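The values are calculated or read from the model by the stated rules, or taken from the named source; none is laboratory data. For clarity, every value in this text was computed on a predicted model and none was experimentally measured. Cβ atoms come from the backbone with ideal geometry, glycine included; neighbour counts cover every protein chain shown.
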Amino acid sequence: MRWQGRRESQNVEDMRSEGGGSSGGGGRVMGGGMGLLVIAVIVWLLGGDPMALLSQMGEQGGGITSSESGVSTPRSPEEEAAARFVSVVLADTEEVWHDVFQQNGGTYSEPKLILFSGQVNSGCGRASAAMGPFYCPADQNVYIDLSFFEQMRDELGATGDFAQAYVIAHEVGHHVQKLMGTSDKVSQLRGRV
């Protein structure tokens, strides 16, 4: 698939350096467990109140985020290429679905694609990379940890750009179902059964 040099979508939010977090800007909690204890001890040794720190962290819904600490995870050229690839595929889906909706007298509302690493907070709750890519109807975003492509290749034998593009198109398909009301009708029918 020839994708390099083509238009990339502007609807990609890269939260990989935040280690997840939420689309509202939160980041991954760094130093949970033992690391949190070490931070509390350092605060205490510097004359601070560790309980106030812990209380403040709880109110904010987390701890020290990677963006707050200035920590940035370096990315390999392969990871950057994968991020550009999904952006190009998302742009392709935008063009196709805009045309289809317009031909049928409608307007297509584009989803945002959230890149994350490890875990993420979505409108549908906290999710981990172990779930694989997913669409959240509550916030109308597509979520993917790019390590899923490695898993597809290594564990499932699904190699190549087409298999990866299919994953993105599939999740966007769930968005289209949401826009058309299909997913809501299915949910209503499930509730009756």
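Please go through (1) modelled with pLDDT of 90 or more; (2) on the phi < 0 side of the Ramachandran plot; (3) surrounded by 13 or more Cβ atoms within 10 Å (Cβ to Cβ); (4) touching a Gly at 6+ places or on another chain (Cβ under 9 Å) for Gly118 and return the number of the only condition it doesn't satisfy.
Result: Gly118 passes all but (2).
With the requirement that a residue be outside any helix (DSSP H, G or I) and within 25 Å of Val12 (Cα to Cα), what does segment 160-193 give you?
Within segment 160-193, Gly160, Gly181 meet the criteria.
Residues in segment 110-118: is at least one of a type in the set (Gly, Ala, Ser) and either part of a helix (DSSP H, G or I) or closer than 19 Å to Ile168 by Cβ (or both)?
Checked against the condition, which is being of a type in the set (Gly, Ala, Ser) and either part of a helix (DSSP H, G or I) or closer than 19 Å to Ile168 by Cβ (or both), segment 110-118 yields at least one hit.
For segment 85-104, name all the residues that are farther than 22 Å from Ile144 by Cα and not hydrophobic (A, V, I, L, M, F, W, C).
His98, Asp99, Gln102, Gln103, Asn104
For residues that are surrounded by fewer than 18 Cβ atoms within 10 Å (Cβ to Cβ), under 11 Å from Val176 (Cβ atoms) and of a type outside the set (Ser, Thr, Tyr), tally how many sit in segment 83-109.
Looking only at that region, the number is 4.
Starting from residues that are farther than 18 Å from Val89 by Cα and among the acidic types (Asp, Glu), keep the ones in segment 131-155 and report whichever is nearest to the chain's Cα centre (by Cα).
Selected residue: Asp139.
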